[in-house]
Amino acid sequence: MELTKRQEQILQIVKDDGPITGEQIAERLNLTRATLRPDLSILTMSGFLDARPRVGYFYAGRPAHSMMSENLHKLIVNDYKAMPIVVPESSSVYDAIVTLFLEDVGTLFIVNAKGFLAGVVSRKDLLRASLGNQALETMPVSIIMTRMPNIVTCTPEETLYQAAQKLIDFAIDSLPVVRPLEEGRNMELLGRITKTTITKAFVELGNDPTV
Ligand code: ADP
């Protein structure tokens, strides 16, 4: 829940000088008690403040759900990204499959000769290519990859929450973390965010006693 500037001011006053009456808070803010009433009710009902008759308002602390949500939105992709596992465009489907096993990942990023992001290959893409019993050693991985500009990406500055939202919206397992260069024509590959990254962050949040 986002607090308004005035609600934040009220919280600060109660934190510093509580218990304090509504009347006194209104005086401090140069407002009438009537003007403050809706803010005080919101803060009391949402658990920020405790009200005792004839004593006044006490600071009750940020409600747990509010802290959880605030902390969640502070997590930044840059702090959680893992190394991207890449193969060159010219690699064969066979080599891509070997890399997938050796690196123990579910998605590979394909880079062009200049090292920029060219495509994405998932384990099902590779499985599909293998089904036809084709010559996997000679088939370039670029034939089966999902290619630019259809790749869903994220930047290091985005929140982990925004990245997780993209994984859900596009029903994919992995996002390349990129820095667009030359007005977005090329993508420098900086890392990867996967469903595992999100699961790890989720567990970390749950283990943090301050959340
Ligand atoms: P799997 O296919 O193994 O279930 P995904 O759900 O991640 O794995 O991939 C589904 C499809 O989406 C695949 O064809 C894959 O190439 C493509 N894909 C995977 N990641 C991305 C991405 N970041 N942007 C666009 N397409 C992607």
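Quick note: the coordinates plus some simple rules give every number you see, no bench work behind them. Keep in mind it's a predicted model, so treat the numbers as computed, not measured. FYI the Cβ positions are ideal-geometry reconstructions off the backbone, even for glycines, and counts take in every protein chain you see.
Which pairs do you get when a residue that is within 12 Å of ILE10 (Cβ to Cβ) and in contact (Cβ under 8 Å) with a residue 24 or more places away in the chain, found in the stretch 26-55, comes within reach of a residue that is in a helix (DSSP H, G or I) and of a type in the set (D, E, K, R), reach meaning Cβ atoms under 6 angstrom, with the pair 6+ apart or on two chains?
These pairs meet every condition: ASP39/ARG6.
Could you please find all residues in the stretch 145-174 being buried (at least 17 other Cβ atoms within 10 Å of the Cβ), more than 8 Å from the ligand (Cβ to nearest atom) and under 22 Å from SER92 (Cβ atoms)?
Hit for the stretch 145-174 is MET148, nothing else.
Among the residues of the stretch 1-54, write down those that are of a type in the set (Ser, Thr, Tyr), within 28 Å of LEU72 (Cβ to Cβ) and either in contact with a Ser or Thr (Cβ under 8 Å, 6 or more places away or on another chain) or part of a helix (DSSP H, G or I) (or both). Explain how you work it out, then say what you get.
If we filter the stretch 1-54 for residues that are of a type in the set (Ser, Thr, Tyr), which is where we start, we get 4, 21, 32, 35, 41, 44, 46.
Imposing the further condition that a residue be within 28 Å of LEU72 (Cβ to Cβ) reduces the set to 4, 41, 44, 46.
SER41, THR44, SER46, listed by residue number.
Within the stretch 135-149, how many residues turn out to be part of a loop (DSSP other than H, G, I, E, B) and touching a residue at least 24 places away in the same chain (Cβ under 8 Å)? Show your work before the answer.
Our first condition is that a residue be part of a loop (DSSP other than H, G, I, E, B); within the stretch 135-149, this holds for 135-139, 144-145, 148-149.
So of that shortlist, the ones also touching a residue at least 24 places away in the same chain (Cβ under 8 Å) come out as 136-139, 144-145, 148.
Residues in the stretch 135-149 being part of a loop (DSSP other than H, G, I, E, B) and touching a residue at least 24 places away in the same chain (Cβ under 8 Å): 7 in total.
Look at LEU117 and say whether it is touching a residue at least 40 places away in the same chain (Cβ under 8 Å), more than 18 Å from ILE76 (Cβ to Cβ), within 13 Å of the ligand (Cβ to nearest atom) and surrounded by 17 or more Cβ atoms within 10 Å (Cβ to Cβ). Walk me through how you get there before you give the answer.
Numbers: touching a residue at least 40 places away in the same chain (Cβ under 8 Å): yes; more than 18 Å from ILE76 (Cβ to Cβ): yes; within 13 Å of the ligand (Cβ to nearest atom): yes; surrounded by 17 or more Cβ atoms within 10 Å (Cβ to Cβ): yes.
When the stated conditions are applied, LEU117 passes them.
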